[in-house]
1. If you take the residues in the stretch 55-96 that are within 26 Å of Arg138 (Cβ to Cβ) and open to solvent by 40 Å² or more (accessible area, probe 1.4 Å), which one is farthest from ligand 2 (Cβ to nearest atom)?
2. Considering only residues of the stretch 361-386 that are in a helix (DSSP H, G or I) and touching an Asp or Glu at 6+ places or on another chain (Cβ under 8 Å), which is nearest to Ala410 (Cα to Cα)?
3. Hey, can you tell me all the residues within the stretch 14-54 that are open to solvent by less than 10 Å² (accessible area, probe 1.4 Å), within 16 Å of ligand 2 (Cβ to nearest atom) and not hydroxyl-bearing (Ser, Thr, Tyr)?
4. Tally the residues that are part of a strand (DSSP E or B) and over 20 Å from Lys372 (Cα atoms), restricting the search to the stretch 408-466.
5. Looking at the stretch 36-55, I want the residues that are near ligand 1 (Cβ under 9 Å from one of its atoms) and have a partner that is assigned to a helix (DSSP H, G or I) with Cβ atoms under 6 Å, at least 6 apart or on another chain. Which pairs are those?
6. Looking at the stretch 182-193 only, could you name the residues that are of a type in the set (A, V, I, L, M) and open to solvent by less than 10 Å² (accessible area, probe 1.4 Å)?
7. Would you confirm, using the coordinates I've provided, whether Thr5 is more than 16 Å from ligand 1 (Cβ to nearest atom), closer than 27 Å to Asn126 by Cβ and at pLDDT 95 or above?
8. Considering the stretch 337-378 alone, what residues qualify as being touching a strand residue (DSSP E or B) at 6+ places or on another chain (Cβ under 8 Å), farther than 25 Å from Val171 by Cβ and not hydroxyl-bearing (Ser, Thr, Tyr)?
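The values are calculated or read from the model by the stated rules, or taken from the named source; none is laboratory data. The structure displayed is predicted, hence computed values, not measured ones. Neighbour counts run over all protein chains shown; Cβ positions are idealised from the backbone, glycine included. Side chains are part of the model used for accessible areas, which takes the heavy atoms of the whole protein and leaves out ligands, DNA and RNA. Shrake-Rupley method; radii C 1.70, N 1.55, O 1.52, S 1.80 Å.
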Amino acid sequence: MSQITKICCIGAGYVGGPTMAMIAKKCPHIKVTVVDLNEQRIAAWNDPDVENIPVYEPGLSEVVAEARGRNLFFSTDVDAAIDEAEMVFISVNTPTKTYGAGKGQAADLKWIELCARQIARVSKDNKIIVEKSTLPVRTASAIKDILMHTGNGSQFQILSNPEFLAEGTAVEDLDAPDRVLIGGDSTAEGQTAIQALVDVYANWIPRERILTTNVWSSELSKLTANAFLAQRVSSINSLTELCEKTEADINEVARAIGTDSRIGPKFLKASVGFGGSCFQKDILNLVYIARTYGLQEVADYWEQVIIMNDHQKKRFANQMIRELYNTVNGKKISFLGWAFKKDTNDTRESAAIYVADHLLHEQAQIMVYDPKVLEGQIYFDLDYLGTRTSEENKKGVSVINDPYEACKGAHAIAVLTEWDEFKDYDWQKIYDSMLKPAKIFDGRNLLDANKLRSIGFIVQSIGTKS
Ligand code: NAD
Ligand code: UDX
């Protein structure tokens, strides 16, 4: 295939939106159309005020502003965009199955299959199909099966091109990725397709950072990259409990470990537990795949990363209850942060949701402040758990858009997201407005504990004895 000039991306979410915006910015000669079934989401991507796009990421609105209307388009007309494209990215959600075989572990590939069927139905000519979603190893063969039975003679090449961006740093990650991974068939047609995608990325990414592999290695590398990253967080978090018992300080331990160049300093930040839409889902999927192949020890090994993470979230909530004299009934607890990490409005699998759920069981009154998460999302997250009715969630949780108001009259504050702005608050003012003794449970080890203690706060950080 000669140079690609028209790309379609199915799925305008946290991956499809930013990824395509960056391709459009870097490749003005390529028309990029991002489509989605969700009309509201597409309307938000098209909002004349670019600050209202549905994904919050530092620097993203500028990228969208530059390319939108020039060679970047957002639309709900999925058929038309597929029809005109030479290359179709599939960037739809692949959440953990909530029903049937593999419930709670396997990836739900319903939306992937629907995309494949739609591409098969609409296509009138040959196309390159790119798996951008994170998929179980060997999914490409299922997609191929569906596409090859269109009956109209169109030929398809399936590539795997998993996305490694992290939310909150998506623009930087897309602009200068550590690597881009492209997997494809070893046939001549497969290699030509790989080259067509390499040529797109080569518009801004040095060739040596574009890795090409077979399609199965590429699919599996994405799942395992996330598993390795999450494993580091669970490893450091597993030591926090030991530090709290022994008076070792987890921050010092992390620094000491991380300066070993074989280990490295990144992803050693102790926390209330990892969240986000990827880690848990992808590890569960890896566990499921291993079990499917009868690899019990492999499955158990990776499952432990999740078990540790669940333990950490529960441990944090239990510690709060214990330190608040074993009862939080009717007590006001302020949450600073609801997003699963800073610089994103994404709350999927955020530790805050589980900590809130645990405290609500104990009849606490929770006040939430987050700089970017909207009130409706917070109630949606709690309702989605299905633990209690939406009226009960509304009764137990108030969302307040001013941090000082959210902390007023509180028995305790829990820091659940590492937003930078929390560090700059007038903590004396917050202390003065709280019930005494005023307690802070810093789930991110974000705040300066010594400074807070000098004001009068009782501070419990993760992995240090209070
Ligand atoms: P998302 O839920 O934000 O977006 C997916 C979008 O696809 C939704 O807007 C949905 O309406 C749309 N969609 C679903 N089926 C469709 C169909 N048949 N036609 C048109 N639109 C359809 O999900 P996301 O976070 O962007 O993740 C997408 C994929 O990328 C997942 O497989 C995920 O594992 C992977 N991934 C995510 C991240 C991340 O940080 N979020 C990073 C790397 C990879
Ligand atoms: C992750 C991968 O990093 C990314 O490469 C992949 O494409 C998608 O999944 P994301 O989930 O967006 O990205 O964010 P990430 O920065 O990995 O953080 C995940 C969770 O781990 C967050 O809740 C974060 O707060 C937590 N974390 C991360 C820690 O608790 N400690 C750390 O040291 C690092």
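1. Residue satisfying both the conditions and the ranking: Glu86.
2. From the stretch 361-386, those in a helix (DSSP H, G or I) are 361, 375-385; that's our starting set.
From what is left, the residues that are touching an Asp or Glu at 6+ places or on another chain (Cβ under 8 Å) are 378, 382, 385.
Working: Ile378: 20, Leu382: 21, Leu385: 25 Å.
Taking the candidates together, the pick is Ile378.
3. Gly16, Gly17, Pro18, Met20, Met22
4. So the first thing to find is which residues in the stretch 408-466 are part of a strand (DSSP E or B), and the list is 412-415, 439-442, 458-461.
When the remaining residues are screened for being over 20 Å from Lys372 (Cα atoms), the result is 412, 439-441, 458-461.
Of the residues in that region, 8 qualify.
5. Asp36/Ile42; Pro54/Arg41; Pro54/Ala44; Val55/Gly17
6. Matches in the stretch 182-193: Ile182, Ala193.
7. Values: more than 16 Å from ligand 1 (Cβ to nearest atom): yes; closer than 27 Å to Asn126 by Cβ: yes; at pLDDT 95 or above: yes.
Yes.
8. Listed by number, the residues that qualify are Val355, Ala356, Leu359, Leu360, Ala364, Gln365, Ile366, Met367, Val368, Glu375, Ile378.
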